[in-house]
Amino acid sequence: MDINEFKSAWLQHDRKLSENLSINETLLQEVNLDRSRKELNKPLLYEIVSFFFFILLIPIFIFLAVLYRSELQMLISALLALGTLVLGLVLCIKKIRLFYHIDYYSLPVLQLQERLALLKSGILSARKIEVLFLLPILFITALALMLRYIRGINLFEDISFFLPIVLPGLLVAWGATLFLNKYLYDKKISNVEALLKELRSYRKEV
């Protein structure tokens with residue numbers, strides 16, 4: 001084989017290698033981005049369901065506020081519950097918008113990582129408000145209103161008597177919320193972070 005034939009063979013080999021690398025990168029990108037989208041579909045669906053659930057609850061608490069407008073404690077409970085639901089709706093909308101800002105197939109990997117970081121930050125910020133304020137307020141006010149409406153019991157007349165119900169119930173609600181956040185949000189986001197990191201590392205290598 002003379003030098004020209006060798007150069008031609010080498011160019012063909014180099015071209016085939018480049019084509020294979022390009023195909024591999026495309027396949028890896030399609031697989032990883034598709035898996036990333038599927039990973040975040042569940043928490044997104046949960047936020048959408050939560051949004052409509054809050055929408056359904058608002059008329060119920062409006063009805064209870066009107067029903068107990070002459071009972072100051074029940075009226076305040078209903079108004080607090082309505083306030084937490086409205087704030088919950090606002091947080092849901094913000095998180096849903098962050099989910100939809102992640103365009104898996106149009107953005108470069110670096111921008112996807114930045115959008116994912118914004119989503120993670122937004123979820124963590126909302127979680128502090130939800131766990132520390134919204135959950136306990138909504139749990140206690142809803143319990144007080146339901147006891148009053150269904151059983152005719154005023155929770156605030158003898159709060160010490162009902163503490164064995166309130167505290168364990170609130171602890172269970174906190175535990176369930178933290179468990180849900182860990183496995184529905186944190187784990188899913190960590191999986192997507194790993195997929196995007198793998199894709200970006202591969203691009204650097206090639």
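Structure values in brief
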read-out	value
Per-peptide average of other Cβ atoms within 10 Å, ordering 139-150, 163-174, 44-55 highest first	139-150, 44-55, 163-174
Share of carbon and sulfur in the accessible heavy-atom surface of the stretch 111-206 [1.4 Å probe, %]	65
Alpha-carbon centroids, the stretch 58-92 and the stretch 113-140: separation in whole Å	21
Bins of 10 Å, starting at 0 and running to the largest distance - Cα pair percent for the stretch 99-188	14, 32, 23, 16, 10, 4
Sum of side-chain charges, Ser77 neighbourhood, beta-carbon under 10 Å (Lys, Arg +1; Asp, Glu -1)	0
Solvent exposure of the stretch 38-186 as accessible area per residue, Å², 1.4 Å probe	59
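The values are calculated or read from the model by the stated rules, or taken from the named source; none is laboratory data. All of these numbers come straight from a predicted model, not from anything done at the bench. Don't worry about glycine lacking a Cβ; one is built from the backbone with ideal geometry, like all the others, and counts go over all protein chains shown. The protein model used for the area step is the full one, side chains on, heavy atoms only, and it has no ligands, DNA or RNA in it. Shrake-Rupley method; radii C 1.70, N 1.55, O 1.52, S 1.80 Å.
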